[in-house]
Amino acid sequence: MKYFWIQLVLIVGSVSMALVFIRTWSQAKNRAWKRIAFSLFVIVNVYAVLRPTDVTWLAHQLGVGRGTDLVLYVMVLAMGFLTLNTFLRFRSLEKKITDLARTVAINEGTRHNGERLGAGSASGSTPDAGAGADADAAADAAADSDSVKA
């Protein structure tokens, strides 16, 4: 009963994390092993809060002085894993964005060159239609140059 309030706060925090994770479960693009690992983390966390002497016993079995030291070491490893995972995810996203930007630039360049070389005005039968296409191409070019500056 001595540690009731801190245990309550820690368990509510763990359950809240689990609920947020479950609530965004369909949106999370995590692999199954990450979901399982997070679920195990929450279960072990709640168990460790309810039975801190078991954590101290495990720490002694592993050659660590105190249970809090063991928890600290495990959290350092977990933080390293999360940092590496985030770095790899950002690197993958940057590559995808770069590839997408290159594809868009090539497609837009091809379209602008086609319009400039007369492919766009060949479809119009009147001179006004050709002039309208040239005005549209000029407006598109101005808009593209503004978006590149931004």
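The values are calculated or read from the model by the stated rules, or taken from the named source; none is laboratory data. For clarity, every value in this text was computed on a predicted model and none was experimentally measured. Glycine gets a Cβ as well: all are built from the backbone with ideal geometry, and neighbour counts include every protein chain shown. Areas reflect the complete protein model, heavy atoms only, side chains present, ligands, DNA and RNA absent. Shrake-Rupley method; radii C 1.70, N 1.55, O 1.52, S 1.80 Å.
Sparse packing (at most 11 other Cβ atoms within 10 Å of the Cβ) combined with a DSSP loop state is found for the following trypsin sites (Lys or Arg not before Pro) in segment 25-109: 29, 31.
If R0 is 25 Å, the Cβ-Cβ spacing of residue 57 and residue 3 corresponds to a FRET efficiency of close to 0.90.
For residue 115, the solvent-accessible surface computed with a 1.4 Å probe is close to 50 Å², ligands and nucleic acids excluded.
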